[in-house]
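Below: one structure, written as structure tokens.
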Amino acid sequence: MRNSSAKRKISTKTLLIGWNRFKRDKSGIIGLAIVLTIGLIASFAQSLAPYDPNTVFFYTMYGYPSLQHPFGLDTWGHDILSRVIYGARTVLFICLTAVAIELIIGVTIGATGGHQGGKIGDLTSSLIDIFLIFPSFLFIMVIIKAFDIFVIGTPWESFPYRIFIIVFMIGFFGWPPLARITRAEFLKFKNYMFVEAAKSLGASDLRVIFKHIIPNALPPIIVVATLSMASAIEWEAGLAFLGFGDANVPDWGFMLQLAKADLSVAWWEAVYPGIAIFLAILAFNLLGDGLNEALNPRLRN
């Protein structure tokens, strides 16, 4: 029988080996660099932005790019560079909060189904399938419109309630991939000798789950969570472009929605937030693929 404590350390060893492999992946490093850059921009937005993102300028009908406004002005007269910079905060809030919700729901359901098995395992598997086929995008739009009926015309109208609804709904409907990978990992590890040894020593189910299985299941969960961040940005940008974004916060998707009416005469309104969305989604996908190459044992040489 293998030593239990040694087995629990396998996750740390795997992560260290994975980091050494990840450093050799150029695309993964590029993704990590872009993600860190977005994080730095978001952290120092107040110092980097030349203007307050809500300041309105009225120079001309269309605010062409200039020395004063390198990215130009949008339809409402906002400095686009400032809103793109502050939009990094919104993007990080969306992806981090939504994926945190997905992790809580997905890991809980996946761990329960994988560890318990039997009827509970079948129930969780069916629940995952139901959420995968549910028309969540349409449902989110309906929920936003329902809240609009009660909020518009009240003091709460200036509160960014839409962004909170979108983030919560993305997290609520986006957990199935995390639940699937967690369930698969639990099914794989629950019969390993170090788990059986812990049970024979009287360890409770919670101790087995959190001290023995989850640390060893972390690598694929980290990969899926990283890719889910790209999906969260894509979901929010799509909703905002369709007119369901929040005008109360600087948001790249909402900037695209404003720009589509003047695209033929004010190209800069769509180009810069579009590039920002593209780079953010690309970065998290590259980072996720790099982590998958580094941490997935099936892909190791």
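Values computed for the structure shown
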read-out	value
Filter result for S126 (closer than 25 Å to V249 by Cβ, over 19 Å from the mean Cα position of the chain (by Cα) and hydroxyl-bearing (S, T, Y))	no
Some residue of segment 244-258 being surrounded by fewer than 24 Cβ atoms within 10 Å (Cβ to Cβ), touching a helix residue (DSSP H, G or I) at 6+ places or on another chain (Cβ under 8 Å), more than 30 Å from V56 (Cα to Cα) and not small (G, A, S)	no
Failed condition for L138, given (1) within 18 Å of L239 (Cβ to Cβ); (2) touching a residue at least 60 places away in the same chain (Cβ under 8 Å); (3) surrounded by fewer than 13 Cβ atoms within 10 Å (Cβ to Cβ)	(2)
Residue in segment 59-83 that is farthest from the chain's Cα centre (by Cα), counting only those that are part of a helix (DSSP H, G or I) and closer than 19 Å to A261 by Cβ	I80
Filter result (among the β-branched types (V, I, T) and not in a helix (DSSP H, G or I)) within segment 260-294	V265
Residues of segment 116-135 that turn out to be charged (D, E, K, R) and more than 27 Å from E236 (Cα to Cα), as a count	2
Residue match in segment 220-230 (condition: part of a loop (DSSP other than H, G, I, E, B), modelled with pLDDT under 90 and out of contact with any strand residue (DSSP E or B) (no Cβ under 8 Å at 6 or more places or on another chain))	no
Residue check, A111 crowded, with 17+ Cβ neighbours inside 10 Å, in contact (Cβ under 8 Å) with a residue 60 or more places away in the chain, touching a helix residue (DSSP H, G or I) at 6+ places or on another chain (Cβ under 8 Å) and hydrophobic (A, V, I, L, M, F, W, C)	yes
Unique residue being within 25 Å of the chain's Cα centre (by Cα) and without any contact (Cβ under 8 Å) to a residue 24 or more places away in the chain when the list is F244, F278, F186	F278
Lone unmet requirement of (1) of a type outside the set (D, E, K, R); (2) closer than 26 Å to L96 by Cβ; (3) outside any helix (DSSP H, G or I) for G153	(2)
Filter pass, A261 being at negative phi and touching a Cys at 6+ places or on another chain (Cβ under 9 Å)	no
Out of S231, S264, S200, sole residue that is under 29 Å from I109 (Cα atoms), surrounded by fewer than 17 Cβ atoms within 10 Å (Cβ to Cβ) and of a type in the set (S, T, N, Q)	S200
Candidates I181, I221, filtered to the one that is closer than 22 Å to G288 by Cα, in contact with a Pro (Cβ under 9 Å, 6 or more places away or on another chain) and not charged (D, E, K, R)	I181
Verdict on P160 being farther than 21 Å from A225 by Cβ and without any contact (Cβ under 8 Å) to a residue 40 or more places away in the chain	no
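Yes/no matrix, rows are residues, columns are (1) over 26 Å from the mean Cα position of the chain (by Cα); (2) at pLDDT below 90:
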| position | (1), (2) |
| --- | --- |
| G113 | no, yes |
| G117 | yes, yes |
| I140 | no, no |
| V151 | yes, yes |
| S158 | no, yes |
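The values are calculated or read from the model by the stated rules, or taken from the named source; none is laboratory data. What you are looking at is a predicted structure, and each value in this text was computed from that prediction instead of being measured. Here Cβ is always computed from backbone atoms with ideal geometry, including for glycine, and neighbour counts include all displayed protein chains.
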